[in-house]
1. Please compute the modelled spin-label separation between N68 and A103, points set 7 Å along Cα→Cβ, answer in nm with one decimal.
2. Hey, got a sec? Which GluC sites (Glu not before Pro) in the stretch 22-80 land in a DSSP loop and have at most 16 other Cβ atoms within 10 Å?
3. Kindly rank 48-58, 101-111 from highest to lowest mean number of other beta carbons found within 10 Å of each residue.
4. Could you tally the net charge around D53, taking each other residue with its Cβ under 9 Å from the Cβ of D53, Lys/Arg +1 and Asp/Glu -1?
5. What FRET efficiency do you get for K50 and S112 if R0 is 25 Å and r is their Cβ-Cβ distance, rounded to the nearest 0.05?
6. What net charge is computed for the residues neighbouring I85, neighbours being all others with C-beta under 15 Å from the C-beta of I85, Lys and Arg scored +1, Asp and Glu -1?
7. Let me check I've understood the local charge: for S98, count other residues with C-beta under 14 angstrom from its C-beta, Lys and Arg +1, Asp and Glu -1. What total comes out?
Amino acid sequence: MKEYLFILVSITLVMIMGCSLSTWGVEYRVSGSGKRFDVSINNETGETSKFDDISSGWTYNFSTDDPNHFLYISAQNQDSSGSVITEIYVYGDQKKVSTSNGAYAIANCSMSVSE
């Protein structure tokens, strides 16, 4: 009986831990001193999404269960001066950041979700 209980508890723990570790929460962020940005991302379905004329402080969130999901964000400053910053967060931890300065400057980040 003790062996059966041990196996049952072990399987339950593996299932619980496996579920919590197999989904990655992703957040893309764009900020900077520029007033307007055009943004391209690799979204939750692996396709490209584009957003025009967004402002500093923009975020995009999704979850994936694919450890090889490719993450990509690119933002272009649409002003004649200023900075643009792109960031990728996984589980709330900053994993990548890129900064670029000047007119129509571009900042981009990329990685695999499980890096």
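1. 4.4
2. E44, E47
3. Highest mean packing first, the order is 101-111, 48-58.
4. -1
5. 0.70
6. That sum, taken over residues with Cβ under 15 Å, equals +1.
7. +2
Each reported figure results from applying straightforward, stated rules to the coordinates on display, with no laboratory input. Please read these numbers as outputs of a predicted model, since none were measured by experiment. Note: ideal-geometry Cβ built from the backbone for every residue, glycine included; neighbour counts use all protein chains shown.
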